[in-house]
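Inspection log for the structure reproduced underneath, given as structure tokens.
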Amino acid sequence: MGKVLRRTALMLFAAFSVAAAAADSRVPLPDLPRARHQVSATQGCVEPTEVMRKNHMKFLLHQRDDTVHEGVRTKKHSLVECINCHSSDDRDGKPIAINAPDQFCQSCHAYAGVQMDCFQCHATKPGS
Ligand code: HEC
Ligand code: HEC
Ligand code: HEC
């Protein structure tokens, strides 16, 4: 009896945690492919993941403005670097375009109903 109650309480707690986490980040999350690399042993992305989830578009748009209009070039928020880390390989080890349906950028944008035209001009695969 006690055991059953405790297990029920644990299950409720787990369900609550998941709901709280979902409500916490305002961006809906599909199942995203894992990044190829981490920035360092302690940091995954170029900014903390929570910050990236909310603000990556600002970094990218500022980065573009800085580069195109002001001639400033830093690698930190470079679109090329995003692709280097966030693209995946197919079964033959060839990179898949980052804007393909189930890939990192596109799967989340499709889920969130976001359209973006960046890849009309920008490379969608690493090293291309
Ligand atoms: C009409 C073509 C075109 C479109 C569309 C476009 N860009 Fe660019 N972008 C360029 C060119 C040209 C440069 C400067 C050359 C370079 O650095 O590759 C550039 C540079 C950049 C840079 C700095 C270089 C780098 O790789 O970090 C970023 C970041 C960037 N663009 C982001 C974006 C984002 C985000 C979008 C979509 C919202 C976008 N661009 C849409 C043509 C385009
Ligand atoms: C050095 C590799 C690296 C670079 C460069 C990088 N990322 Fe990341 N990014 C990661 C890792 C690692 C995570 C943590 C999640 C994971 O492991 O896939 C992450 C997480 C994210 C997330 C949150 C995903 C989630 O789970 O909610 C977004 C959005 C993101 N990155 C976008 C970008 C964008 C946009 C760029 C380019 C400006 C970029 N990243 C550059 C490695 C990288
Ligand atoms: C965790 C989900 C998620 C991931 C992963 C993600 N995005 Fe986004 N992105 C969003 C959401 C949500 C928006 C719209 C936010 C808004 O409108 O305020 C957005 C908007 C953008 C915009 C602005 C579009 C515009 O023209 O207004 C750019 C550029 C962008 N993302 C680039 C990227 C790139 C490049 C990647 C892959 C490296 C990526 N995103 C991965 C969720 C994501």
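Derivation of every value follows stated rules applied to the coordinates shown; laboratory data play no part. All values derive from a computational prediction rather than experimental measurement. Neighbour counts run over all protein chains shown; Cβ positions are idealised from the backbone, glycine included.
Ranked by how many other Cβ atoms sit within 10 Å of their own Cβ, fewest first, the residues Cys118, Cys85, Cys105 fall in the order Cys118, Cys85, Cys105. The ranking of Arg91, Arg53, Arg34 by Cβ neighbour count inside 10 Å, starting from the fewest, reads Arg91, Arg34, Arg53.
Placing pseudo-labels 7 Å out from each Cα toward the beta carbon at Gln38 and Glu81 gives an inter-label distance of 1.7 nm. Distance between the modelled labels on Asp90 and Met116, one decimal in nanometres: 2.4 nm (7 Å Cα→Cβ projection). Residues whose amide H lies under 5 Å from that of Cys45, counting only those 5 or more places away or on a different chain, are Val39; hydrogens are built 1.01 Å from N in the peptide plane. Each of Phe119, Phe59, Phe104 was scored by other Cβ atoms within 10 Å of its Cβ. Arranged with the fewest first, they read Phe119, Phe59, Phe104.
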